[in-house]
Amino acid sequence: MIYDKITNIGRYKGISHWLDIAVAFIEENDLAGLPDGRTAISGDDVFANVMEAEAGGGAGSYEIHKRYMDIQIDIEGTEIIKIGSPLKGAAGEFNAETDFGTIECEEASSCIMGEGRFIICMAGEPHMPGVAALPDRHLKKCVIKVSACREGSEEES
């Protein structure tokens, strides 16, 4: 996990080719001006999803991805994103086609998001976005999906 101010996102260039493309997109574009839904950045390797939702209570399973890391950015509103430690022996459910699974976690760290912050949840890292941080639970957010595969390789990192 990387959690920082959006003004510092350029510091994380060099971690991976696909992450560099995502960081450049964030630096060069106004995310608040993106339409709801999917915006192509670099085919299926890097793309943005803009959505609106109501933050919840923070109970339940954590989500997990194997093919993509998430860069989560709140455009409007403030949420808490939890990063979990899976229970020993927890297998959870996983759908390879949608790259989405759930897993139970025993411990968690919480990161308060909101304007000017971002979090990168690495592939394989359990996370629970959309936890209410304020009485106003409305969120508009951008999640940039970044391939965890090495450039030009079908192999997952």
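Which residues, taken from segment 87-129, are at pLDDT 95 or above, acidic (Asp, Glu) and open to solvent by 40 Å² or more (accessible area, probe 1.4 Å)?
Glu97
Could you please find all residues in segment 60-78 being over 27 Å from Asp44 (Cα atoms), out of contact with any Asp or Glu (no Cβ under 7 Å at 6 or more places or on another chain) and surrounded by 16 or more Cβ atoms within 10 Å (Cβ to Cβ)?
Thr78 - this is the single residue of segment 60-78 that is over 27 Å from Asp44 (Cα atoms), out of contact with any Asp or Glu (no Cβ under 7 Å at 6 or more places or on another chain) and surrounded by 16 or more Cβ atoms within 10 Å (Cβ to Cβ).
I'd like the full set of residues that are under 21 Å from Val146 (Cβ atoms), out of contact with any Phe, Trp or Tyr (no Cβ under 8 Å at 6 or more places or on another chain) and not in a strand (DSSP E or B), limited to segment 30-68.
Asp30, Leu31, Ala32, Gly33, Leu34, Pro35, Asp36, Gly43, Asp44, Arg67
Tell me which residues, restricted to segment 130-145, are assigned to a strand (DSSP E or B) and open to solvent by 40 Å² or more (accessible area, probe 1.4 Å).
His138 - this is the single residue of segment 130-145 that is assigned to a strand (DSSP E or B) and open to solvent by 40 Å² or more (accessible area, probe 1.4 Å).
Identify all residues within segment 95-126 that are of a type outside the set (Ser, Thr, Tyr), part of a strand (DSSP E or B) and under 13 Å from Glu79 (Cα atoms); write none if there are none.
Cys111, Ile112, Arg117, Phe118, Ile119, listed by residue number.
Take Cys149 and tell me if it is at pLDDT below 95, open to solvent by less than 40 Å² (accessible area, probe 1.4 Å) and either on the phi < 0 side of the Ramachandran plot or in a strand (DSSP E or B) (or both).
Judged against the criteria, Cys149 is a match.
Would you be able to tell me the number of residues in segment 5-57 that are acidic (Asp, Glu), closer than 21 Å to Met113 by Cα and surrounded by 15 or more Cβ atoms within 10 Å (Cβ to Cβ)?
0
Which condition breaks for Ile71 when tested against (1) out of contact with any Gly (no Cβ under 8 Å at 6 or more places or on another chain); (2) part of a loop (DSSP other than H, G, I, E, B)?
(2)
State whether the residues of segment 6-20 include one that is touching a residue at least 40 places away in the same chain (Cβ under 8 Å), more than 26 Å from Ala108 (Cβ to Cβ) and of a type in the set (S, T, N, Q).
Within segment 6-20, one or more residues are touching a residue at least 40 places away in the same chain (Cβ under 8 Å), more than 26 Å from Ala108 (Cβ to Cβ) and of a type in the set (S, T, N, Q).
Among all residue pairs at least 6 apart or on different chains, which show Cβ distances below 6 Å where the first residue, located in segment 111-131, is closer than 20 Å to Thr98 by Cβ and the second is among the charged types (D, E, K, R)?
Note: pairs meeting the criteria are Cys121/Asp70; Ala123/Lys66; Met128/Lys82; Gly130/Glu79.
Output the residues belonging to segment 78-94 that are assigned to a loop (DSSP other than H, G, I, E, B) and of a type outside the set (A, V, I, L, M, F, W, C).
Correct list: Thr78, Lys88, Gly89, Gly92.
The values are calculated or read from the model by the stated rules, or taken from the named source; none is laboratory data. If you're wondering where the values come from, they're calculated on a predicted model, not measured in any experiment. Because the Cβ atoms are built from the backbone with ideal geometry, glycine has one as well, and the counts that use them run over all protein chains shown. Protein only, heavy atoms only, side chains kept; ligands, DNA and RNA dropped before computing areas. Shrake-Rupley method; radii C 1.70, N 1.55, O 1.52, S 1.80 Å.
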